[in-house]
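The values are calculated or read from the model by the stated rules, or taken from the named source; none is laboratory data. Remember, predicted model here, so these are calculated numbers, not experimental data. Don't worry about glycine lacking a Cβ; one is built from the backbone with ideal geometry, like all the others, and counts go over all protein chains shown. Heads up: the accessible areas ignore ligands, DNA and RNA and are worked out on the full protein's heavy atoms, side chains in. Shrake-Rupley method; radii C 1.70, N 1.55, O 1.52, S 1.80 Å.
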Amino acid sequence: MKFGTLSLAGRLTFLVTLSFVTILCVATLYLYVSMRKNVSRADSDFVSNEMAHLRTIISRYSNDSRLLVEEVREEAQWEASAKKSTMYFVRVLGKHGKILVETEHMENILPPARFPPPLDSKFGERRQWQSGHGRTFLLQSAWAGSGAHKRYLIQVGLDISHEETILLDYRKRMAIVLFAGVIISILICVLVVRTGMRPLDDIMKTVRRISAEQLHERIGLSPRGPKELTTLAVAFNGMLDRLEEAFGRLSRFSADIAHELRTPVNGLMGAAEVILSRDRTAEEYRQVIEAGMEEYSRLSRIIESLLFLARAENREIPIERCRFEVYNEMENIRELYDAVAEEAGVEVVCRGEAAVDAEPVLFQRALANLLANALRHTPRGGRVDLVAEKLPDGSVDISVSDTGFGIAPEHQPRIFDRFYRVDPARSLKTAGAGLGLAIVKSIMELHGGRATMRSEVGKGTTFTLRFPCLLRQACLK
């Protein structure tokens, strides 16, 4: 199985186990190498010290062969008795390779030919040699004495079989420790990973339960859970909140569309069925078609508004901002609705000086929707004020205030929702499709601003459009 195909738990188990095994191997190797170096250093130091001591004795008694032999034999016996568990051998050869003195039985165990050659007036190299009986010796040779006719060859051998046995036993024990450590590491890693992955498993169980009918499900948050998974759960729950809200809006939107389109379509179908039930005159056909024009116009406005809102949500509407004076645009909108206001008996007043960074067409549409809404819900003799105000931070507020009946508090949170309409009795004219304020909200979101509303029953309603200042230097002028 390739590493890339492993699960997250499998990858964590493999990587953590590999880390533990690597640490164990490095630690084991380090301990073994350190121990071997210490043992080898101790043996080498012993042989070097003995070689130096013997060279001192030979230098002191080189003129007296009898004393030299006695001192060497005494030194060898003393060292051999000091190292009770280790075999220690010394040999001194004179001129022409004649053996002057050597440890008992050394000839059979360590022949002279087995020793490495000495270097001139220096210690020779040390060499390990294994006898036929399976014992290991550390061997070294060196010259001693002075003068061409008084030079002696010293050969020192130390049985290091015990140390090699200790190192072999140590290797076996370390292999057992390493093998046991690997097994224990795997078990611990599996246990730790499973314990650590349990919150993730709980999250996965919750996620599997989520569907279009179960959008209310949420991932449980434990205060003792891992911080990373808690952050993931919070983000996922936030996404579910947005999805549930969007799904609810979509469901309501679909129902509202069906309701809004069903009424005019049913009316048109009913009129068509009646007119087709028997032969009619041309004038009667004309009257039916003219009567249906109002419904066709209403359907066209609904479809156009829905297309605008859909494009606005996907940010497909291009925004070409420019800076312009608000008062002139407010006057243009007022003049456009002047006839409607005069017929309704409502006075429209514009005031305030400010400049905004916005797309003129969208600005006019938002303001026209608010003005039309205000005229629709203001009684005869009332007043609508269009006011522009520049704020200290450079942003601009455009407010549309009416002296109508106001909006009850229970309706205010949903006033910008699509197809949402307050009680039709509040409107003095024909009710719209309930998309005007939703379009206003979308236009403000496209501009990075916001639309707000405050209302008091019996006193009127004020809608405010806040346009942010994008051209900071121009705004500060």
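Summary of computed values
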{"read-out": "Within region 276-367, helices (runs of 4 or more DSSP H) holding 1 or more residues that are closer than 27 Å to Thr263 by Cα", "value": "282-313, 338-344"}
{"read-out": "Positions within region 353-372 being of a type outside the set (Asp, Glu), farther than 22 Å from Pro318 by Cβ and open to solvent by 10 Å² or more (accessible area, probe 1.4 Å), in sequence order", "value": "Ala372"}
{"read-out": "Of all residues making up region 105-138, the number that are at pLDDT 80 or above, closer than 21 Å to Asn49 by Cα and open to solvent by less than 70 Å² (accessible area, probe 1.4 Å)", "value": "10"}
{"read-out": "Which listed residue, of Ile439, Ile407, is in contact with a Lys or Arg (Cβ under 8 Å, 6 or more places away or on another chain), of a type outside the set (Phe, Trp, Tyr), modelled with pLDDT of 85 or more and in a helix (DSSP H, G or I)", "value": "Ile439"}
{"read-out": "All positions within region 33-67 that are open to solvent by less than 40 Å² (accessible area, probe 1.4 Å) and in contact (Cβ under 8 Å) with a residue 40 or more places away in the chain", "value": "Val39, Asp43, Ser44, Phe46, Val47, Ser48, Glu50, Met51, Leu54, Ile58, Ser62"}
{"read-out": "Failed item in (1) over 21 Å from Leu437 (Cβ atoms); (2) among the polar types (S, T, N, Q); (3) surrounded by 14 or more Cβ atoms within 10 Å (Cβ to Cβ), with Asn328 passing the rest", "value": "(3)"}
{"read-out": "Single match in Arg383, Arg414, Arg426 (criterion: open to solvent by 70 Å² or more (accessible area, probe 1.4 Å), at pLDDT below 85 and out of contact with any helix residue (DSSP H, G or I) (no Cβ under 7 Å at 6 or more places or on another chain))", "value": "Arg414"}
{"read-out": "Complete set of residues in region 344-367 that are within 21 Å of Leu437 (Cβ to Cβ) and in contact with a Gly (Cβ under 8 Å, 6 or more places away or on another chain)", "value": "Val346"}
{"read-out": "Yes/no for Leu375 being part of a helix (DSSP H, G or I), open to solvent by less than 20 Å² (accessible area, probe 1.4 Å) and more than 21 Å from Arg450 (Cβ to Cβ)", "value": "yes"}
{"read-out": "Residue, farthest from Glu347 (Cα to Cα), within region 392-404, restricted to residues that are open to solvent by less than 30 Å² (accessible area, probe 1.4 Å) and not in a strand (DSSP E or B)", "value": "Gly394"}
{"read-out": "Within region 139-169, considering residues that are exposed (fewer than 13 other Cβ atoms within 10 Å of the Cβ) and assigned to a helix (DSSP H, G or I), the one farthest from the chain's Cα centre (by Cα)", "value": "Thr165"}
{"read-out": "Count - residues of region 170-184 that are closer than 17 Å to Tyr32 by Cα and either open to solvent by 70 Å² or more (accessible area, probe 1.4 Å) or among the hydroxyl-bearing types (Ser, Thr, Tyr) (or both)", "value": "7"}
{"read-out": "Qualifying positions in region 230-264 - under 26 Å from the mean Cα position of the chain (by Cα), modelled with pLDDT under 80 and farther than 20 Å from Ser211 by Cα", "value": "Thr230"}
